[in-house]
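Presented below is the structure to which this report refers.
The values are calculated or read from the model by the stated rules, or taken from the named source; none is laboratory data. Everything quoted here is computed from the prediction, not taken from an experiment. With ideal geometry, Cβ positions are generated from the backbone for all residues, glycine too; neighbour counts draw on all protein chains shown.
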Amino acid sequence: MTKKRTKAASERREAERRTKVARAVELLEEGVSGILDSENFRDYLRFMAAFHRYSPNNSLLIYLQRPDATRVAGYKRWQELGRQVRRDEEGLRIFAPRFRKVEPDERREAGAQAEIEGNAGEAREDGEKARILSGFKVVKVFALEQTDPIPGAPPLPEAPRPGAVDSGRAGEVAAAARLETGLKGLLAAERVRVLEEDLHGRYGQYDRRKKEISLRRGMPPVERTSTLCHEAIHHLLHAERSGATEDKKGTREVEAEGAAFAVFSYFGLDTSAFSFAYVANFAGRTEVL
């Protein structure tokens with residue numbers, strides 16, 4: 001009888017987990033429809049820049065449930081940080097991975113899903129069990145705005161962010177120059193050449209076969225760095241893709257420009273005027289966004 005009850009309880013918990021995951025997926029699908037215009041998409045990308053450590057799905061879930069959130073953490077983590085979640089505050093639902101332990105032979109069969117603690121790409125030599133991703137569950141986190149300081153606790157440490165951008169065009173140019181230096185260093189490590197050429201009617205282009213990025217000669221510094229970032233993202237995300245149809249091209253362009261905008265937002269630079277005239281060409285297309 002005890003085994004039957006245990007099995008029934010386990011099946012009930014699994015059914016509840018699946019229901020929670022399904023509801024979170026529905027929230028994501030509904031949310032995508034709500035960010036299809038350029039303005040909402042821009043706001044979401046700015047939000048995502050602040051939550052870049054979270055997966056795209058989780059950052060969107062947080063945005064949909066609490067668009068004013070600046071930081072999130074679990075209930076106990078907030079207490080460790082000297083904050084108390086207020087009574088009756090509703091947690092924000094996000095996805096968390098579920099793992100299970102397997103024997104080395106089963107781990108090899110699992111292939112790309114395997115995740116070994118300390119080294120995700122190699123089996124343990126000591127024969128210890130590995131962990132593989134078996135699915136996802138829904139957990140709750142709370143925004144900083146849902147908490148109050150615990151009396152006597154030290155103040156909350158500031159979240160690490162890049163240095164502030166000095167006001168005015170000169171400050172933006174200096175910040176863009178620092179970002180451009182970092183991008184060129186990354187591309188050099190990837191063995192991608194960066195050229196300036198007379199590109200008629202185009203800001204930039206990426207040739208995956210030659211591993212070359214071409215930028216239009218004479219662009220203003222901020223626009224040049226934004227274009228370099230856009231083309232660098234094409235290399236990082238799309239170098240292995242080929243045979244693009246027009247729809248696939250649209251998806252790649254929105255991915256590249258959206259990611260470039262998020263990177264610039266993270267570093268305190270606003271390229272809305274430059275980026276969203278471009279993204280607007282694809283706005284309103286669910287399959288792209």
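Below is a table of values for the structure above.
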| read-out | value |
| --- | --- |
| Tally, over the stretch 1-42, of residues that are modelled with pLDDT under 70, aliphatic (A, V, I, L, M) and loosely packed, with under 12 Cβ neighbours inside 10 Å | 1 |
| Criterion (touching a Gly at 6+ places or on another chain (Cβ under 8 Å), surrounded by fewer than 20 Cβ atoms within 10 Å (Cβ to Cβ) and modelled with pLDDT under 90) met by exactly one of 288, 279 | 288 |
| Test: residue in the stretch 179-193 that is exposed (fewer than 14 other Cβ atoms within 10 Å of the Cβ) and of a type in the set (Ser, Thr, Tyr) | yes |
| Residues of the stretch 48-69 satisfying the condition of being without any contact (Cβ under 8 Å) to a residue 40 or more places away in the chain and buried (at least 17 other Cβ atoms within 10 Å of the Cβ) | 51, 58, 59, 60, 61, 63, 64, 65 |
| Selection count where residues are in a strand (DSSP E or B), touching a Ser or Thr at 6+ places or on another chain (Cβ under 9 Å) and charged (D, E, K, R), scope the stretch 69-103 | 3 |
| Residue list for the stretch 70-105, filter: touching a helix residue (DSSP H, G or I) at 6+ places or on another chain (Cβ under 7 Å) and loosely packed, with under 13 Cβ neighbours inside 10 Å | 70, 86 |
| Residue check for residue 45: surrounded by 15 or more Cβ atoms within 10 Å (Cβ to Cβ) and either at pLDDT below 75 or farther than 30 Å from residue 257 by Cβ (or both) | no |
| Residue in the stretch 242-262 that is exposed (fewer than 14 other Cβ atoms within 10 Å of the Cβ) and aliphatic (A, V, I, L, M) present | yes |
| Boolean, residue 224 is loosely packed, with under 14 Cβ neighbours inside 10 Å, of a type in the set (Lys, Arg) and either out of contact with any Leu (no Cβ under 9 Å at 6 or more places or on another chain) or outside any loop (DSSP other than H, G, I, E, B) (or both) | no |
| Of all residues making up the stretch 197-221, the number that are surrounded by 14 or more Cβ atoms within 10 Å (Cβ to Cβ) and farther than 19 Å from residue 238 by Cα | 4 |
| Residue among 111, 127 that is at pLDDT below 85, of a type outside the set (A, V, I, L, M) and not in a loop (DSSP other than H, G, I, E, B) | 111 |
| Boolean, residue 232 is outside any strand (DSSP E or B), at pLDDT below 90 and not basic (Lys, Arg) | no |
